[in-house]
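Working notes, structure below.
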Amino acid sequence: MADRVTVIGWDGSPLTEAARGALGAATLVAGAAHHLALPEVPGTAERIRLGSLDLAARRIAAHRGTAVVLADGDPGFFGVVRTLRAPEFGLEVEVVPAVSSVAAAFARAGMPWDDAQVVVAHKRTLRRAVNVCRAHSKVAVLTAPGAGPAELGLLLDGVHRTFVICEELGTERERVTVVTSDKAADHVWRDPNVVIAIGGPAAGGDGGWIAGRDPAAGPRGWTQPAEVYGGVFGEGETDLLRAAQLARLGPRVGDLVWDIGCGGGAFATEAARGGAAVIAVDRDPESCARTESAARRFGVHLQVVHGTAPHILEILPEPDVVRIGGGGAAVVSAVADRRPQRIVTHAATRDEAELVGRDLTEHGYDVECALLQSVELDTRAWTEKERSVAFLLSGVLPDRAP
C-alpha cells in the first residue's frame, strides 16, 4: 500500500507550497495529460494517466512509496476523493483543494450560485441532468465527452434555456461563451467544460437558508384545494385523488413526468413543486392556459403541450412516471408502450378499471387497484357536502423499479 496519498486540486493557478512539497516527494503521480505535463512533476516518478478511477486506485493501493493524484478543481466535489476513499482500496488521503470548476464557472459569469442545482452529466446520467435543467431555473452541469453542451441542447428541445459554457477553465485556452440552448449543437466544444443553464421562473426573495432549491418553498401539503388554483376541477382532479396519485408515482428530482389530460394544471404543478420535470398535455387550449397560469402562480417551470393523445405522445421525450387523467384505454396502451417506471390513472366504473388493468398487465406491469371514496363534511353542522368515488389504478414495471 502507498505510504502516503495526497490529492491535489488544480485550478490553473500556481501550486501552493504544500502541493509543491507533496509533488516533489512523490514516487507515483496520477492525473490527466495536462496535469502530468506540469513542471513540478518529478521526472523520476511513475506516471499514471487517469482513465478508469477504479483501476488507478488499485495501482495506487499496490504502490510502495508516496503517491500524488492531481485533479481539476476541488477533488472532493464530484471528484476522485470519493473513489480513493472507498473501503475496498483502504487508502487514507490528504487533500489540497482548489477552487471547484462550478465555483469558477459562476465566478466567470458573475453570478451567485447558492440557489443553483449542480449535476454531473455522463452518458448514463445525461437524461436525468437534462430533466433537472427542464425543472429548475439555475443549474450547473459538469459535463463529460458525449454528454456535453450540444447533447444538453438537443435533449432540451422545446424548452428555452440560456447556456453559459465555460471551456478549459484555468488554462490558457479558457473560453466563456453565452448561447441559447437551441444553438448549442451548432458548435464544437472543448473538454473539459461546465455548462450553466439559466431560464424559467427565477427564485424570489433575498437568499435562502439551504443551497439549491428550497424544498419548503410554497404552501404546505402535497396538494392544494381547487380554490387555490382559481377554478373548479372535474371529478378526476380532486385533491385527495391527486394526493394518492402523487404517492403512487413518487416524482423526484431528475424524473420526467407526463401529465396527460392535465385539466386545470393542479397535478402538473404539484409534481413540479417536488422538483421533477413535467410535460403537461391537453387537447383543450383553455386547459393548457390554466395549467400555465397555475405554474406561474406557484413559481415552477413546466412544459405545456397542446395536442390530442395518443398521437401527440410520439414526439415527447421518454418519461419516468406518467399520470393519465383522460383518454381511456387507447392512451393507457400507448403510454405503456413507452415503458415508464410507473403509470397511474383512474376509472369511474369497475368495468373500465378492469379493462385498463388488463391492458397494463399485458404490457408487463404489476397492477394495483383501489376503490377510493371520499366524503367532505360541513363541520358546522357535520352534514355531507360532497362525495366522490373513483378507482385508482397504478402500474409498476418490475424491470425498471423503483
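The values are calculated or read from the model by the stated rules, or taken from the named source; none is laboratory data. Given the structure is predicted, the values throughout are model-derived calculations rather than measurements. Quick reminder, even Gly has a Cβ in these numbers, built from the backbone with ideal geometry, and neighbours come from all protein chains shown. Surface accessibility is based on the protein's heavy atoms, side chains included, excluding ligands, DNA and RNA. Shrake-Rupley method; radii C 1.70, N 1.55, O 1.52, S 1.80 Å.
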In region 299-324, what count of residues is obtained for those that are touching a residue at least 60 places away in the same chain (Cβ under 8 Å), of a type in the set (D, E, K, R) and surrounded by fewer than 19 Cβ atoms within 10 Å (Cβ to Cβ)? 1
Out of everything in region 160-175 that is modelled with pLDDT of 95 or more and surrounded by 18 or more Cβ atoms within 10 Å (Cβ to Cβ), what residue ends up being farthest from residue 269 (Cα to Cα)? 167
Scan region 1-38 residue by residue and report those that are assigned to a loop (DSSP other than H, G, I, E, B) and under 22 Å from residue 104 (Cβ atoms). 11, 12, 13, 14, 15, 16, 32, 37, 38
If we keep only residues of region 267-288 that are assigned to a helix (DSSP H, G or I) and more than 16 Å from residue 222 (Cα to Cα), then the residue most open to solvent (accessible area, probe 1.4 Å) is 286
Working only within region 1-50, note down all residues that are small (Gly, Ala, Ser) and touching a helix residue (DSSP H, G or I) at 6+ places or on another chain (Cβ under 9 Å). 2, 9, 12, 30, 45
Here is a list of conditions, (1) open to solvent by less than 60 Å² (accessible area, probe 1.4 Å); (2) free of Cβ contacts under 8 Å to residues at least 60 places away in the same chain; (3) part of a loop (DSSP other than H, G, I, E, B), and residue 75 meets all of them except one; can you say which number that is? (2)
Going through region 148-204 one residue at a time, which ones are touching a His at 6+ places or on another chain (Cβ under 9 Å) and outside any loop (DSSP other than H, G, I, E, B)? 149, 150, 165, 177, 179, 180, 181, 182, 197
Collect the residues in region 223-266 that are of a type outside the set (Gly, Ala, Ser), assigned to a helix (DSSP H, G or I) and at pLDDT 95 or above, keeping them in residue-number order. 245, 246, 248, 249
Might you let me know whether region 112-124 holds any residue that is closer than 22 Å to residue 13 by Cβ and among the basic types (Lys, Arg)? no
List every residue pair whose Cβ atoms sit under 6 Å apart, with the two residues 6 or more apart in sequence or on different chains, where the first one lies in region 110-129 and is more than 14 Å from residue 212 (Cβ to Cβ) and the second, anywhere, is surrounded by fewer than 14 Cβ atoms within 10 Å (Cβ to Cβ). 123/146
Give me the pairs, please: first residue somewhere in region 380-402 and on the phi < 0 side of the Ramachandran plot and modelled with pLDDT of 95 or more, second residue anywhere and acidic (Asp, Glu) and assigned to a strand (DSSP E or B), beta-carbon distance under 7 Å, and either six or more positions apart or on two chains. 394/368; 395/366; 396/366
Please determine, by comparing only the residues of region 114-137 that are among the charged types (D, E, K, R) and over 17 Å from residue 193 (Cα atoms), which one is surrounded by the most Cβ atoms within 10 Å (Cβ to Cβ). 134
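Per-residue answers, yes or no, for (1) at pLDDT 95 or above; (2) farther than 20 Å from residue 234 by Cβ; (3) of a type in the set (Asp, Glu); (4) more than 22 Å from the chain's Cα centre (by Cα):
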residue	(1), (2), (3), (4)
287	no, no, no, yes
293	no, no, no, yes
297	no, no, no, yes
305	yes, no, no, no
318	yes, yes, yes, no
325	no, no, no, yes
330	no, no, no, yes
334	yes, yes, no, yes
